[in-house]
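Before any comments, here is the structure.
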Amino acid sequence: MSDGQQAADTVRAWREAAADDRVVLLDGFHALKHALRFGAELRAVVAEDPEAVLALAEDLAPDVRKDLAALVRPGPLGELVARVHPTRVAALAVRPDPAAGRAALDRLPRSAPVVLLDNPRNLGNVGAVVRLAAGFGATGVVTRGDLDPWHPNVVRAGAGLHYATTVDRVTLDTLPPGPLYALDPEGADIRAVTLPDDAVLAFGSERQGLSPELRARADRLVSLPMRPQVSSYNLATSVAMTLFHWGGPPAEDAGSGA
């Protein structure tokens with residue numbers, strides 16, 4: 001098969017896969033690496049130079065090199081994505097079954113909290129929270145409002161770690177069960193509070209804070225320590241501080257990873 005025919009076949013296979021509305025874009029090597037590690041179903045993997053991507057895997061994530069070698073195909077990436085990532089690889093993966101994710105959120109008792117973002121506005125912040133939740137071993141991240149937590153920019157910011165936790169959108173009537181601990185400046189100092197494993201940890205939007213209706217549903221309001229005259233923390237920073245206070249994964253499971 002000629003190089004031109006192979007490239008045409010790759011483009012056709014990518015576009016056929018992309019037509020499935022369950023498919024999400026994994027932009028770059030790190031998103032692809034994490035998706036492979038956490039069992040994503042990959043429909044297409046395209047690199048401008050597959051050997052260079054495999055060398056990157058050998059250096060940064062040798063555990064995924066074998067699987068990646070079986071999947072990656074050469075192709076004109078610039079024709080397939082709006083912006084080519086510096087690692088010059090992209091993939092299409094099937095979004096996990098929403099029903100299975102919902103079952104994980106609704107199961108009690110849970111061994112780790114659920115993070116609830118109340119009407120977030122910044123796609124990058126939501127992705128950063130997904131990355132934190134995956135690292136801490138949280139049960140999941142759910143959003144309330146019109147932002148899609150599976151938006152391509154959220155998945156990019158989350159470095160593919162949507163596949164390491166449950167990510168979903170909820171309404172006030174479909175919140176996961178468990179005691180609702182809401183972060184609020186008027187709440188009790190979090191350092192004096194024990195966060196239970198089955199808590200739902202609610203964080204307000206970057207600009208407006210908690211909505212009145214969610215605040216009214218809270219079982220307890222808690223606050224983060226903050227120097228006077230400092231207005232707020234970044235959303236991801238607030239989530240990180242709260243999850244660190246909760247506890248995170250057992251010490252034997254913790255590590256910086258690659």
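The values are calculated or read from the model by the stated rules, or taken from the named source; none is laboratory data. Bear in mind that the values here come from a model prediction, so they are computed numbers and not experimental data. Cβ placement follows ideal geometry from the backbone for every residue including glycine, while neighbour counts extend to all protein chains displayed.
The lone criterion from (1) of a type outside the set (Ser, Thr, Tyr); (2) surrounded by fewer than 21 Cβ atoms within 10 Å (Cβ to Cβ); (3) under 18 Å from Leu26 (Cβ atoms) left unmet by Arg121 is number (3).
Of the helices (runs of 4 or more DSSP H) lying entirely inside the stretch 19-103, those containing at least 3 residues that are more than 21 Å from Leu132 (Cα to Cα) are 50-60, 65-71. Please give the number of the condition Val46 fails out of (1) surrounded by 15 or more Cβ atoms within 10 Å (Cβ to Cβ); (2) closer than 15 Å to Val94 by Cα; (3) at pLDDT 95 or above. Checking Val46 against (1) surrounded by 15 or more Cβ atoms within 10 Å (Cβ to Cβ); (2) closer than 15 Å to Val94 by Cα; (3) at pLDDT 95 or above, the one that fails is (2).
For the stretch 207-222, the set of residues classified as surrounded by 17 or more Cβ atoms within 10 Å (Cβ to Cβ) and either in contact (Cβ under 8 Å) with a residue 60 or more places away in the chain or not in a loop (DSSP other than H, G, I, E, B) (or both) consists of Gly209, Leu210, Ser211, Leu214, Arg215, Leu221, Val222, listed by residue number.
Every test in (1) touching a residue at least 60 places away in the same chain (Cβ under 8 Å); (2) assigned by TED's automatic domain parsing to the domain that holds Arg156 is passed by Ala103 save one, and that test is (1). Of the residues making up the stretch 59-76, not a single one is acidic (Asp, Glu) and farther than 23 Å from Gly28 by Cα. Kindly evaluate Val154 against the criterion of being part of a helix (DSSP H, G or I) and without any contact (Cβ under 8 Å) to a residue 40 or more places away in the chain. For Val154, the condition - part of a helix (DSSP H, G or I) and without any contact (Cβ under 8 Å) to a residue 40 or more places away in the chain - is met.
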